[in-house]
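Read through the structure below, which is laid out as structure tokens, and then see the notes.
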Amino acid sequence: MFRWTSLVFLALFAALYAGEDTEPTPRIERTANVIVHTTDPRVTLSPRFSCSTIFGCGAYDPWELMAYHGPDGRLHSFHRTKSAGNQPHSENVRQLTFEFVGTAVYLYAPPQSPLEDFPLGLQEVCLDGTCKNIDVSTIYDDSDPGMPVLLWGEQDLPPHHHRLQIRLLDDHTGWPFPHVDVMAIQYIRYTSVGPPLPDPYKPPIGADLANVTLEDTNYAMTYRPLFSFYNSKPYKPWDTFMSRPTYGPADTFRHTSNWGNARSGSQMRQVTFSFQGAALYIYGAPPETLKTITNGRYLHAHQDICVNDQCYPIDAHQAYLNVDKQDESHPVLVWAYDRFDPTVISTVHLRLLDSQSPDGLEGTQMTFSKAVYSEVQRAPPWKVPVPGAEYGTFRVPHEWLTYSPWGWGWWSNNPWYVDHGCRVAWNMMETEDEPKWSFTFTGYGVKVYGPPKYSFLGVTHASQKVCVDGRCHYIDVEHAYLSVLPGEANRPVLLWSTFGLESNMKHTISVQLVQRPDDSRRTMMAVSHLEYLTVEYPRPKPQLPPTPTSPPGTPIPTKDAGPLIDPKVLEVLGLVVLLVFGLFILVSVVTFAIVLVVDPMGQPRPTPVLPTPTIPVPVPAPRPRFPPPPPKPQSETDSLLDNPPPYEEFTDGPQSSIPPPYSPSRHAPSGSSAGPSRERTRVTLTRNGESPEQRTSPAMPSTRRSRYGTFAGPSGNGGGGNSPRR
């Protein structure tokens, strides 16, 4: 029975405890000490204005913004309020409110010296509705004179949302009371908790981070609202101012105030743009120019910046508080964050949070100069300059570019423009096709130039969109011409450039005029020329093997890698060599044998005939190797003289070696009676000039007569008796 009663009691107790309104405790993943100054937009100072009752109801700001020089030589700001006009137990009580999520909080006040010897009033600190009075005078007596004073602190808080309030409880007005009390707060430090922040982005191998600047005149910037109204009259809430530093080109920035501003809706003053990068930096106007346009009375407005619906406060006053003297002519960095995801396109809203100030109070102001973001780009595979490489720059005149659309009103062939070395196009508001040009090149970088500044003074330059291989950016042409120094006004103006492209690939660059629909200005687009950069890498030199460093005589250990050539391959190569050598010997022997048998003209060599020792054998003259040419047609007499009849020898007994004189009867035809009749005998000669009868009786003398003369046979004078031709 007791057991069941205990279980029911425990169940009822658990149900009652679960019904209480308790806030779940989040898991603490990150803690950090954060300092929040009283100028931070997260700090609320109330009331916003008070009413002076001495001379009617004049509105004034009950909180004074002051500063002092600390021991570190820097300025430190704080807010101070007085007890005069304070209403401690009403909604108009002077108080500071701050909300945070953390586990500890501390409240600091400025030193005694900048409080101008005013007595310190009684103060009350409330944390989440729990209030406590603090004796400020006693705390100041025990503090360091030159350092901020810790007024109050609380720690070991649950990691929830907390609300801190500091109130001034004194209401002394100074009359008829003898004094006026003050309350001053310099900053709040608290220990924040929350999810861990992502690590700063580190580019992978082969990539790098490059800064891209978006000036206030860039096409990517949008300023809202375009128009505001005062007494039913429209006016532009955003103004453009120009600043020219002592050294360097001119610069511009945008300026607006809380006059007519709304904390939400379409009339809220804001700057909108998009970027894709790992870090973002926001810059405000140069302090030197702000002092000039506001006569030194400038109060920074509360601002915040929202990136993809995540908002961050901007304390512009602290950013401008300690700008060095030499940097007052340059834009001031007011906010930075380096933990964005570079793969996501982020949308940025820079907003002014202050509503319109009551009459009699100074307005707050916000400026915007430029935004810089870190873009991930492919790192070039070389470091410029490459040792031994050949770099080249090629200039492309405007005549070589490809223009579209082509027609009247777009790209003009006006001789005046051509004489100034450029091609010009104007925006056509009634058409959707805006002027565009393109070019294809091979290189690692490209530069786009416009005509000189003095060629088009007073002309509004249009914004341009440049794309290289499909990756696009906006060219701030207006700011490029503003940045031209006076001594460079007659030179072409560099509008845009990029590097780090693939050096051995073709790239296409295109530039197009862009203009907002709400911009009705007549704008101009002009191009002078472009330059692309090339690089040729040096060829690597052959590397020699390293020289051994061991002393002489010391064996160098080497790894046995085995024979370089397979032994089987060596055997095959040996057989092939032997076969080739054998064929060579065989061909040589055959060739030598042929040369011995056949003469160079291809005829077989004759067998030599040795003469008999006692009988000399005459050797006839060698026959002609080639037959004689055919005879020419001649007369009958010449034919007989040059071509006598076949050789015939007539013997009439012994004859002398001297031929007889010409006798007509000898050559008379047969049957004629000219001279006595003689018996004729025909003797045919053999190869050696001998008749068969002479061959049997070689000693018989004989005489032969031919067309070439008469000579003796073997028994004569040896055939040497040639006589002249008849």
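The values are calculated or read from the model by the stated rules, or taken from the named source; none is laboratory data. The shown structure was predicted, so the numbers you read here are calculated from the model rather than taken from an experiment. Here Cβ is always computed from backbone atoms with ideal geometry, including for glycine, and neighbour counts include all displayed protein chains. Calculation scope for accessible area: heavy atoms of the full protein, side chains included, ligands and nucleic acids excluded. Shrake-Rupley method; radii C 1.70, N 1.55, O 1.52, S 1.80 Å.
Order the peptides 475-482, 505-512 from the highest to the lowest mean number of other Cβ atoms within 10 Å of their residues. Don't skip to the end; give the middle numbers.
Details: 475-482: 22.1, 505-512: 16.8.
Packing order, densest peptide first, comes out as 475-482, 505-512.
On the accessible surface of region 267-417, probed at 1.4 Å, how many percent belong to carbon and sulfur atoms? It would help to have the intermediate numbers written out before the result.
Working: 3820 of 7450 Å².
Heavy-atom surface of region 267-417 belonging to carbon and sulfur, 1.4 Å probe: 51 percent.
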Rounded to the nearest 10 Å², the accessible area of Leu333 at probe 1.4 Å: 80 Å²
Per-pair calculated FRET efficiency, R0 = 41 Å: Thr240 and Thr534 via Cβ, rounded to 0.05: 0.55
Solvent exposure ordering (accessible area, 1.4 Å, most first) of Tyr391, Tyr235: Tyr391, Tyr235
Accessible surface of Phe273 - all protein chains present, 1.4 Å probe, nearest 10 Å²: 10 Å²
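Could you do me a favour and compute the accessible area per residue for region 301-391, 1.4 Å probe, result in Å²? Display every interim value, and only then the final one.
Numbers: 4360 Å² over 91 residues.
Heavy-atom accessible area per residue stands at 48 Å².
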Net charge contributed by nearby residues that have their C-beta within less than 14 Å of Ala336 (K/R +1, D/E -1): 0
Heavy atoms of Asp338 accessible to a 1.4 Å probe, total area in Å² rounded to 10: 70 Å²
Cα centroid of region 459-537 to Cα centroid of region 273-293, whole Å: 22 Å
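Heavy atoms only, probe 1.4 Å: what % of the accessible area of region 188-245 goes to carbon and sulfur, would you let me know?
Whole-percent figure for carbon plus sulfur exposure: 56.
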Above-threshold pairs, the threshold being 18 Å between Cα atoms, out of Lys465/Lys506; Lys447/Lys506; Lys291/Lys325: Lys465/Lys506
Per residue accessible area in Å² of region 114-192, where ligands, DNA and RNA are left out and the probe is 1.4 Å: 51 Å²
